[in-house]
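Heads up: the structure comes next, in structure tokens.
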Amino acid sequence: MREEQYEISGMHCAACSASVEKVTRRLEGVERSDVNLTTGIMTIRYEESKVTPEQIIAKVEKAGFGAALRQKEREAQPEDRAGAEEAALRRRRTELMVSGAFSLVLLYVSMGQMLPFGLPALPVPEIVSMHAHPVNFAMLQLLLAVPVLYCGRNFFTSGFKALLHGNPNMDSLVAIGSACSFVYSVAMTFLIDYDPHTYVHNLYYESAAVVLTLVSLGKFLESRNMQKTKGAITALMRLSPDTAILAQSGREVPTRQLKAGDLVLVKPGARIPADGSVTEGESSVNEAMLTGESMPVEKRVGSQVIGGSVNQNGVLTVRVERTGEDTTLSRIIRFVEDAQGKKAPISRTADKVAGVFVPVVMAIALLAAVCWAIAGQPLSFVLRVFTSVLVIACPCALGLATPTAIMVGTGLGARRGILIRSGEILEVTHSVDTVVLDKTGTVTEGKPAVTKLVPYGCKASALLSVAAAVEAVSAHPLAEAICAYAGEQGVEAPPRPEAFENLSGRGLKATLEGHDVLAGNRRLLEENGVDAAPLAEEAARLAAQGQTPMYFARDGVLLGLISVADKVKDTSTQAIRAMKEAGIRTVLLTGDSRAAAGHIGALVGVDQVIAEVLPEEKAGVVQKLQAEGRRVMMVGDGINDAPALTAATVGCAIGSGSDIAIESADIVLMRDDLMDVQRALRLSALTLRHIKQNLFWAFCYNTIGIPIAAGLLYLFGGPLLSPMFAGAAMSLSSVCVVGNALRLGRAKL
């Protein structure tokens, strides 16, 4: 099976996207085809042996739309894409202003006599007098309507083209309604000489023109708001700088020409051009747009840096390690774009309705017109009902309800360092009732750190000084933790040992400034005749908590012990408390001993601890919880926990966004902050709430609006809806749906 994405052009409403889906799904070998109206992207999965890209494109074009295989090189064209969209928006704004000006004049000319103050005094008022010169009156309206129809020509070209291809859309409804009003008015204009009094009152030029103007206004506002929904992607795409400075020559080159191994110079205030490592210099780097981390991160020689982040104060020399599509920024962009292009299950109902919506509306309009004609209403009345029903119907609101909310939701998540793979995951996440947490690197820091110093017969500083000196010669993680702690405490260690010996499974023996020093476990001390009993009870207590106590002795005399452990992250307890308050069951899943796991579990307050589980057994634990009817989110580092992440309802990788994590998890949290798990759950709930609000509005609007346009109120003595008000209502419905989705972007997580 092969999966590809195509850029579809010529779509204007949900009926369009439904038509593209329908024709492509009929192709032999196509497993699925989903079209996102908001992004204009079709994701199709098919068997290469049965169908080709050329056949897919031909099928889409035969349905009346354009199709092109989506380009993979995103980072080279963000400015071009944004510029093209802005230029199109400016052109539509200009046409809208022209259309609006002519429509206002036309509206006043045609209906000004109904106003209390009448038409203003003109140099030759009788020329346009409805009663004195009805033909001139009609011709003036015709001349004013033509520019409006020209500005709205896209409705006619797109609408009638879709109608001829058997895939009528929203433009078809507007085009038919406006064209009927215009053609009817032209016919009345030529009949005025036969009966001026009758035919001059049957002109509907203002309906044809104002409907187009109001619908164009709605589409313009909708497009402008849609640009805002794409803000997260646009902002991410603009993070990568256009040029980079080569460190050796000082020459400025385009960023896309960089290759792995190049050394680049990054000045204060400049963006880092690609992923790499610092080879020279120290500085703080702002990674907020990529990870959601508000505080700058300190970088020094050996530190990893992400392309697109901002160097703040020092000058850095960076060795490029990843470029192009392999950079973290490109992967994040692809991750978010894929999420915005995939549909959520809740959208299927709207898609099914939209697929038959336009033909049903046309049938309702025709039926209403026929019924009123049979009831004896004049042709002008029948035309008014027919046009109003066509114009007020709005499949756009249905089609935009889900994708706009998903686009804004995934964008909001991306700005907070929460990457969500698809609309389906965004929808499902809110239903999670159990969160399974890996211990190491998820609840804890993932690296050992000193937790306690217990000096015996000496000062703590003396114990730490000796320990740091002898451990400096070891590459063991516990030794590194002690040396790092000594550095943080400002303790000066003596010179390096004159001699040392690593003793497997016990520790090490060293000669330090002429003294024999032992560093290791109790067995090492007992083998060398040192009495460890005074601290044995404390060591046992620390070991029961999952810590590793290390004894130190000098010249046969016990100096004390230093305990090292994987510390709990600062936010873990708060995050687990927040999940429990939200009614979510928390489970700590680890391969550590029961004592160590139980201590950590009690410390952070999880509901259940499952310990001594091998990595390959973790998926079984997740499946067992699911068999109990629970919807499980597995939270791990995205590498060791891969089977469990895959087995869970939602797999969530927490950490720095490693390559494997980004490719494998359903949700990637760019920060090492467990609070982001709760934020992801809240984001899902908020997005689903906005989707439901949008769908309710769209269905409710059409359920109420269409019967009113068909004359239901008039039947019971109420008013008859004007096509102009129908057009305004239709435009308002789409704007409301998109506007409601934009509200989500301001939500606090």
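The values are calculated or read from the model by the stated rules, or taken from the named source; none is laboratory data. What you see is a predicted model; the values in this text were computed from it and never measured. Positions of Cβ are generated from backbone atoms using ideal geometry, with glycine treated the same way; all protein chains shown enter the neighbour counts. Areas reflect the complete protein model, heavy atoms only, side chains present, ligands, DNA and RNA absent. Shrake-Rupley method; radii C 1.70, N 1.55, O 1.52, S 1.80 Å.
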Of the conditions (1) surrounded by fewer than 16 Cβ atoms within 10 Å (Cβ to Cβ); (2) closer than 30 Å to Lys59 by Cα; (3) modelled with pLDDT of 85 or more, the single one that Gly166 does not satisfy is (3)
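Please verify whether Ala597 is of a type in the set (A, V, I, L, M) and surrounded by fewer than 16 Cβ atoms within 10 Å (Cβ to Cβ), treating the condition exactly as stated.
Judged against the criteria, Ala597 is not a match.
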Identify, from the list Ala405, Ala373, Ala365, Ala414, the residue that is closer than 14 Å to Asn702 by Cα and either surrounded by 24 or more Cβ atoms within 10 Å (Cβ to Cβ) or more than 33 Å from the chain's Cα centre (by Cα) (or both). Ala365
Whichever residue in the stretch 169-188 is free of Cβ contacts under 8 Å to residues at least 24 places away in the same chain and under 20 Å from Thr157 (Cβ atoms) and, among such residues, is least open to solvent (accessible area, probe 1.4 Å): Ala175
Condition set touching a residue at least 60 places away in the same chain (Cβ under 8 Å) and assigned to a helix (DSSP H, G or I), scope the stretch 619-636, selection surrounded by the most Cβ atoms within 10 Å (Cβ to Cβ): answer is Val622
Hits in the stretch 588-606 (condition: part of a helix (DSSP H, G or I) and not small (Gly, Ala, Ser)): Arg594, His599, Ile600, Leu603, Val604
So is Gly64 modelled with pLDDT of 90 or more, of a type in the set (Gly, Ala, Ser) and open to solvent by less than 20 Å² (accessible area, probe 1.4 Å) or not? no
Counted residues, the stretch 615-660 - those being at positive phi and modelled with pLDDT of 85 or more: 1
From the residues in the stretch 389-446 that are part of a helix (DSSP H, G or I) and among the basic types (Lys, Arg), which one is nearest to Val353 (Cα to Cα)? Arg415
Per the list (1) modelled with pLDDT under 80; (2) farther than 27 Å from Arg256 by Cβ; (3) open to solvent by 10 Å² or more (accessible area, probe 1.4 Å); (4) among the aliphatic types (A, V, I, L, M), residue check on Leu398 breaks on (3)
Of all residues in the stretch 418-447 being modelled with pLDDT under 85 and farther than 25 Å from Ser734 by Cα, the one that is least open to solvent (accessible area, probe 1.4 Å): Gly441
Scanning the stretch 13-52 for residues that are in a helix (DSSP H, G or I) and open to solvent by 20 Å² or more (accessible area, probe 1.4 Å), the one modelled with the highest pLDDT turns out to be Arg25
Quickly run through the stretch 376-388 and pick out the residues that are open to solvent by less than 10 Å² (accessible area, probe 1.4 Å) and either modelled with pLDDT of 90 or more or within 30 Å of Val336 (Cβ to Cβ) (or both). Val385
Hey, Ile8 hits all of (1) more than 18 Å from Pro53 (Cα to Cα); (2) β-branched (Val, Ile, Thr); (3) part of a strand (DSSP E or B) but one; which does it fall short on? (1)
Could you pull out the residue among Ala553, Ala533 that is open to solvent by less than 20 Å² (accessible area, probe 1.4 Å), within 15 Å of Val454 (Cβ to Cβ) and not charged (D, E, K, R)? Ala553
